[in-house]
Every structure is written in structure tokens, then in C-alpha cells.
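To keep things clear, I will list the structure first and then write my remarks on it.
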Amino acid sequence: MEIERKFLVKKLPESLGQYKKREIEQAYLCNDPVVRVRRDNDEYYLTYKSKGFIAREEYNLPLTKEAYEHLLAKADGLIITKNRYEIPDGNGLTIELDIFERDYEGLVIAEVEFDSLEQADSYTPPAWFGADVSKDGRYHNNKMSQKKIEF
């Protein structure tokens, strides 16, 4: 079960270079149910996600680079690319800061994953976070891949 909240970002934290950075490329083979292929640095996955906003099932299966490239060619819509920074929040959680490229250059979203819905509901975001878009389906990457969305 994946439990996460998503936020727009008002201001980037300083010294992003000090945090772990991952280069992510992903595309969608199906949107109902959500079936995604992802390159995460030099690792490759096929992911299934159930419906939902804050809490939903998620299963990842490893792929070879060749299988990923084969499936990527079959993807519908836009390929989503982003740099993800892993930032400790100071309370034992990790903020995944996504800085989008290509079609969504300029979009920055922070995601925080939780162990429970109660923890997610009681989370107080840092001051540099903007609006909570957890329940706004437009910010799901699979929706963003269907067509260019202007935010």
C-alpha cells in the first residue's frame, strides 16, 4: 500500500546538490488500471497502481533495460521525465522533490510517503511547500502523460 501526499512547491530548498538525486523517465502502457514502465537511474520497473488518491495499492516488478525499452516504445502519450531529490524532513520522513523536464519543465512537486493514513492526515508540511494537491487527479503522472496539462 502506498500512502502519500503531494504538494506544489513555493520555493526550492537551498543546496539541492547535497541530496541524493535520481533521474527518472516513465511512461504509461495503460491508465485503467495504471500500468507504468520506469527507468530510475540504471534500474527498470514495471508498476501496477490501483485507483485512489492518498492511499492505493502499488506493485513493482524489475525489468531488464531491453524489456524496458521494448515496452517504452508501446507507451501511450507523453513520456514523463524528472529529477527526484530525496530530502530528509527532520522527522524521520523523506520528501521526494520532483523537478519535471520536457513537457512539464517548470513544474515542481514534493511527495511524502507515510506508514498510515493517520500519519498522512496529521502531517504538517514545511513552509517551502505550497498547495496540497494530493486529491487533484491532474497531478497524477499517468494523467499528465495522457495529454499536456497547463497548470
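The values are calculated or read from the model by the stated rules, or taken from the named source; none is laboratory data. The model shown is predicted, which means the values in this text are computed figures rather than measured ones. Note that we place each Cβ from the backbone using ideal geometry, even for glycine, and neighbour counts take in every protein chain shown. Heads up: the accessible areas ignore ligands, DNA and RNA and are worked out on the full protein's heavy atoms, side chains in. Shrake-Rupley method; radii C 1.70, N 1.55, O 1.52, S 1.80 Å.
Go over the candidates Phe114, Phe100, Phe151 one by one and state the one that is free of Cβ contacts under 8 Å to residues at least 60 places away in the same chain, among the aromatic types (Phe, Trp, Tyr) and over 17 Å from Glu25 (Cβ atoms).
Details: Phe114 fails: free of Cβ contacts under 8 Å to residues at least 60 places away in the same chain; Phe100 fails: over 17 Å from Glu25 (Cβ atoms).
Exactly one residue qualifies, and that residue is Phe151.
Exactly one condition in (1) touching a residue at least 24 places away in the same chain (Cβ under 8 Å); (2) within 25 Å of Lys21 (Cα to Cα); (3) hydrophobic (A, V, I, L, M, F, W, C) is false for Leu61; which is it?
Result: Leu61 fails condition (1) only.
Can you go through Glu4, Glu43 and tell me which one is under 24 Å from Val112 (Cβ atoms) and either loosely packed, with under 15 Cβ neighbours inside 10 Å or touching a helix residue (DSSP H, G or I) at 6+ places or on another chain (Cβ under 6 Å) (or both)?
Of the residues listed, the single one that is under 24 Å from Val112 (Cβ atoms) and either loosely packed, with under 15 Cβ neighbours inside 10 Å or touching a helix residue (DSSP H, G or I) at 6+ places or on another chain (Cβ under 6 Å) (or both) is Glu43.
Looking at the stretch 27-34, is at least one residue touching a helix residue (DSSP H, G or I) at 6+ places or on another chain (Cβ under 7 Å), without any contact (Cβ under 8 Å) to a residue 60 or more places away in the chain and aromatic (Phe, Trp, Tyr)?
No - not one qualifying residue is present in the stretch 27-34.
When you scan the stretch 1-52 for strands (runs of 3 or more DSSP E) that lie fully inside it, which ones turn up with 3 or more residues that are under 23 Å from Asp132 (Cβ atoms) and aliphatic (A, V, I, L, M)?
Once the strands (runs of 3 or more DSSP E) in the stretch 1-52 are filtered for at least 3 residues that are under 23 Å from Asp132 (Cβ atoms) and aliphatic (A, V, I, L, M), what remains is 2-9.
List the strands (runs of 3 or more DSSP E) inside the stretch 68-136, counting only whole elements, that have at least 3 residues being open to solvent by less than 30 Å² (accessible area, probe 1.4 Å) and either of a type outside the set (Ser, Thr, Tyr) or in contact with a helix residue (DSSP H, G or I) (Cβ under 7 Å, 6 or more places away or on another chain) (or both).
76-88, 94-100, 108-113
Can you work out which of the residues in the stretch 110-151 that are of a type in the set (Asp, Glu) and under 16 Å from Pro88 (Cα atoms) is farthest from the chain's Cα centre (by Cα)?
That would be Asp115.
Which residue pairs have Cβ atoms under 6 Å apart, sit 6 or more places apart or on different chains, and have a first residue in the stretch 121-143 that is farther than 26 Å from Thr47 by Cβ and a second that is among the charged types (D, E, K, R) and open to solvent by 10 Å² or more (accessible area, probe 1.4 Å)?
As it stands, the answer is Trp128/Lys10; Trp128/Lys11; Gly130/Lys10, since those pairs meet every condition given.
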